[in-house]
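Structure record follows, encoded as structure tokens.
The values are calculated or read from the model by the stated rules, or taken from the named source; none is laboratory data. Model, not experiment: these values are computed from the prediction. Here the Cβ is made from the backbone with ideal geometry for all residues, glycine too, and neighbour counts use every protein chain on show. SASA here: full protein model, heavy atoms, side chains in, ligands and nucleic acids out. Shrake-Rupley method; radii C 1.70, N 1.55, O 1.52, S 1.80 Å.
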Amino acid sequence: MGPFRHLARGLRVLGRRRGADRDLADEVAQYLDAATNALVAQGVPLEEARRRARMEIGNETALCEEVRSYGWENVVEETCGDVR
């Protein structure tokens, strides 16, 4: 990702956290669907495929928190919280 795109994404996250959280949750859901579909295509029953996909990704909340922690906007939010 280019520096300007990275900056724009960070500013969008700072400006609309709920929207960014929804986008992230949607991405996780899309990944789970894709992983499930890939397993079903290999002949795994649907329920077993869902279970395996969830095991592969782990805890969805923890994954979202980990992804959020990587952006520079997280440092800005933490610093503002500390100043308050």
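Total residues in the range 17-51 satisfying the condition of being surrounded by 15 or more Cβ atoms within 10 Å (Cβ to Cβ) and outside any helix (DSSP H, G or I): the figure is 1. Within the range 62-81, if we keep just the residues that are hydrophobic (A, V, I, L, M, F, W, C) and modelled with pLDDT of 70 or more, the residue that is least open to solvent (accessible area, probe 1.4 Å) turns out to be Cys64.
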